[in-house]
Every structure is written in C-alpha cells, then in structure tokens.
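The values are calculated or read from the model by the stated rules, or taken from the named source; none is laboratory data. For clarity, every value in this text was computed on a predicted model and none was experimentally measured. Methodologically, a virtual Cβ is constructed for each residue, glycine included, from the backbone with ideal geometry; neighbour enumeration extends over all protein chains shown.
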Amino acid sequence: MPTNPISDSLFARALRLMPGGVNSPVRAFRSVGGTPFFVQSARGATLTTADGRELIDFVCTWGPAIHGHNHPRIRAAIAEALDQGTSFGTPNPYEVEMAELITRLVPSIQKVRLCNSGTEATMSAIRLARGFTRRDKIIKFSGCYHGHSDSLLIKAGSGALTHGHPDSAGIPAAFAQETVVLPYNDRAALEAAFAANHGQIACVIIEPFCGNVGFIMPDHGYLQYLREITARNGTLLIYDEVMTGFRLHLAGVQGLAPESALRTPHSAFTISSTLPDLTCLGKIIGGGLPVGAFGGRAEIMDHLAPLGPVYQAGTLSGNPLAMAAGISALRLLEEENPYARLDALGQQLRDAVLTAAQAKGLPVQVPQCGSMLSAFFTPTPVRDYATALTGDAKLFARFFHACLEQGVYFPPSAYETWFLSTAHEGAAVDRACEVVTDVIKAL
Ligand code: HOZ
C-alpha cells in the first residue's frame, strides 16, 4: 500500500484551515474513505502527486481536460495572452473570437454571454428564462446537478448526493417551492407536472445526458418528447451541457444525430438532435481555466442587461487568459475532430469492466457514450436517480481504492462520471484496462 506522507501532512494542515480540508466537497474522499492526495503537476493523462506518485487520471479535472493535461498548444496560448495582461475589465478581442466560435459550432446558440463557472451559467440562464417568460416555477430532474445556486440545489447529484445532502440546508422553503423536481426519463411525470402547474413553468432545465449521478443516458425519444412538451406549454428548454458541451460532439448532445460518427451501441437509444432554447456551457470552453457561458435564441438573450431588464454581470467575465485557453482547446477539437477516437477509448474501458465483472459473476452496469462513462455495481439497469442509488457504493469504494493503489485514479464517488482524453490513447487506457481487470477479479 503506497504511503503519501506529504499529502497526508498537507491535508492535516488543510483540515485546520478549510471546511473538510477542501474547496469542493467531493475532493475530500469522504464517500470512499481515506485521505485525498495532493497534485503537484499534471501532463497528458498523468497526475503527479505531491509525494511523487504518477496516476493515470480518469477525472480530467472533472471534464475540461479533453486534450489531456497541460497541452502545449493551450499552454502557449495562455502564455501569449499573459504577455498582454491578465484582466482588463473592458471588452477584449478574445471574447469576440470565443463568441464567434461558440455560435458557429453550437447551432441553437445565436447569442452568448460569457461568465466564470457552470454554476453562474445555469443560475443566470434560469433568471433569464424567468424574466423572459414572466413565470416563476421551474422544472428540474432528480440527480441532475446544475451547480450550487439556490433554485437548483434540490434533489441534486454530484457532491450534494455523494455526501448525503441532495437538498442542501440553507435554501429557503419559499425558493424550493418554485422548483418542481421530477424523475429523469419519466414522461408521465412531466405530463402531470405541466397539467398541475398550467401556465406557470418558466423553464425545464436538464443535463440531456446526466453526468452527476454517475453517467446516465436518456431513453429513446425522451429528449424529443421534452422539446415537444415544453414548446406546447410556452416553457423554455434549457440544456445544461457544462459537461457534455464539446465533449461528445462539437455541438454537444444537441449535435448528435443518428448519422453522427458517435455510436451508442450499448442501448436501444437512437440519438437525434433536439435544439433547446438556451444552453449552458463551461469546463472544456475554458481549456482548464475558470469559465462558463450560456446562450441561445437572440430574442431571449436580448432580455439580458444592458439591452433588457434581466441583470447579470461579472468582473472577470470574458477573462483574456480563460478565453485564450478555451479558444485554443476548441480550435484543437475542430482540427482533430477526435470524437470517434474518444468513443473507441470509452468502449475499450467499458468492455474491460464488463468482461472482468462477467468473469467474476458480479453484476455491473456501465453506461458509456464517447469519453464519458461510469460503473454502477448493480443488476438493475440504470436510467434515473432511483436506479442509480441501487449501485453498491461500498463496493465502488473498494474498487476505487484498489485501482488507486495500482496507479489508476477514477472519481472518488460512485456518483460521478469518468472522463477520458485524447492523451489516454495507447498506453494509458491499456494499463487502466489491465488494472480494472485485476481489481475486479480480486474484489
Ligand atoms: N461538482 C464537480 C463534479 N461534478 C466537482 C468539482 C470539484 O470538486 O472540483
């Protein structure tokens, strides 16, 4: 068992200074046990810990690192921008270039507002939807996590679920009453909610593919149904593509079509595009620096200040360093179009888990699409929050630690998505498959 004296001592100091020793809960390892390692540096698919251990990383900084860590092109773009200054508090040319890229690549986005995190993007999109429709209620789905703003932290996934607080303390009951929470993939529940709240629902917000309760895909036709019922009710449809944007396709889930290079051979699911009214982005569009964005139909976006009455602002919004990094990451994706390659890597890892589990007689579900996947140790097909919770989280914790011991780092929670990057091609994914096979055999 490797020892991590430097990480352990840093964590002991951190525990005295920061709640739980961390600045984002899931990093504290509390659901898998043990103490987190500290990272000194990262390159390609590898993290180097403060204790000098090298780990193959399937967290990819929770999604942004689709080109692997510290890509030379992105680093060079940041260095060039850095030479000009770090923040101006005025419009800068990079913002225009980023807005042009996003609106060109994501068909439903005619205009975009850049901000600093995915949480800001979803919070602001909700306010915009309420301001535009002049309605107060919103619909979200249990297990979908849209960041930590008040309206959205109800039956949430990610760290909130991991640590047993899917409905956070501190949310006024009056706010919570405006959020209708429904099961994902359940058409009857949607029909009933619209009937019960006729003319009151401003928007439906959804992770079109859920990535914060483990990875879950929609049933065949569900997204089309969602588009149809929202349009019928004058309700805006918001896709939270903070995780999936530029990860599954240049246009995110909304860009996937049956003829797309990306296949989903693991479900009866045929992907066809449905366009939302608003889309929230983050992660990849910052190339590893803090960023968020939301955009959509111009008619809606023009309700934002300074044109309209819906207020939203940010000192560091459109920050030149984050823009330069993000532009570089997106241009690389356009040049390489790596989605079919990434899907092959995702399938390789998925097949390794399934084959090992089958040999062991261990029931496991491994939803996968492109470079996103996760493993639920359960015989029950996972299609929503309730079925995700049937996964054996204790077994996952053993799996996690056994892999980590052998140098493979998966997310420290049964309810987070595993991410791959182009840097995993070859040795990294091959080694991870070997480790997963050994670990499952010994579970
Ligand atoms: N909420 C993030 C994963 N879905 C975790 C972010 C972090 O801890 O860095």
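Annotations for the structure displayed:
- Those residues of the stretch 204-226 which are polar (S, T, N, Q) and either surrounded by fewer than 20 Cβ atoms within 10 Å (Cβ to Cβ) or more than 16 Å from the ligand (Cβ to nearest atom) (or both), in sequence order: Gln224
- Pairs meeting the criteria (first residue in the stretch 234-250 and under 18 Å from Leu342 (Cβ atoms) and of a type in the set (Ser, Thr, Tyr), second residue part of a strand (DSSP E or B) and within 14 Å of the ligand (Cβ to nearest atom), beta carbons under 8 Å, at least 6 apart or on different chains) are Thr244/Met372.
- Helices (runs of 4 or more DSSP H) wholly inside the stretch 117-203 containing at least 3 residues that are among the small types (Gly, Ala, Ser) and surrounded by fewer than 19 Cβ atoms within 10 Å (Cβ to Cβ): 173-176, 187-196
- Residues (among the hydroxyl-bearing types (Ser, Thr, Tyr) and surrounded by 17 or more Cβ atoms within 10 Å (Cβ to Cβ)) located in the stretch 390-410: Tyr409
- Residue count for the stretch 416-438, restricted to those that are more than 16 Å from the ligand (Cβ to nearest atom) and touching a Phe, Trp or Tyr at 6+ places or on another chain (Cβ under 6 Å): 0.
- Test set (1) of a type in the set (Val, Ile, Thr); (2) over 20 Å from the mean Cα position of the chain (by Cα); (3) crowded, with 16+ Cβ neighbours inside 10 Å; (4) within 25 Å of Asp186 (Cβ to Cβ) - Val353 fails condition number: (4)
- Restricted to the stretch 270-295, and to residues there that are modelled with pLDDT under 95 and in contact with a Pro (Cβ under 7 Å, 6 or more places away or on another chain), the residue that is surrounded by the fewest Cβ atoms within 10 Å (Cβ to Cβ) is Thr270.
- Only listed residue being within 15 Å of the ligand (Cβ to nearest atom) and among the hydrophobic types (A, V, I, L, M, F, W, C), chosen from Ala129, Ala156, Ala176: Ala156
- Within the stretch 108-124, one or more residues are under 19 Å from Leu226 (Cα atoms) and more than 15 Å from the chain's Cα centre (by Cα).
- Flag for Ile56 being closer than 23 Å to Glu425 by Cβ, aliphatic (A, V, I, L, M) and crowded, with 21+ Cβ neighbours inside 10 Å: yes
- Residue-level analysis places Arg383 among those that are touching a residue at least 24 places away in the same chain (Cβ under 8 Å), basic (Lys, Arg) and assigned to a loop (DSSP other than H, G, I, E, B).
- Hey, Phe11 over 19 Å from the mean Cα position of the chain (by Cα) and either basic (Lys, Arg) or farther than 30 Å from Ala427 by Cα (or both) or not: yes
- Flag for Ile109 being within 28 Å of Ala45 (Cα to Cα) and not aromatic (Phe, Trp, Tyr): no
- In the stretch 3-27, the residues that are in contact (Cβ under 8 Å) with a residue 24 or more places away in the chain reach residues that are more than 16 Å from the ligand (Cβ to nearest atom) with C-beta atoms within less than 6 angstrom, at least six apart or across chains, in these pairs: Asn4/Asp51; Ile6/Ala50; Ile6/Asp51; Ser7/Ala50; Ser7/Asp51.
- Test: residue in the stretch 400-415 that is more than 16 Å from the ligand (Cβ to nearest atom), in a strand (DSSP E or B) and under 27 Å from His163 (Cβ atoms): yes
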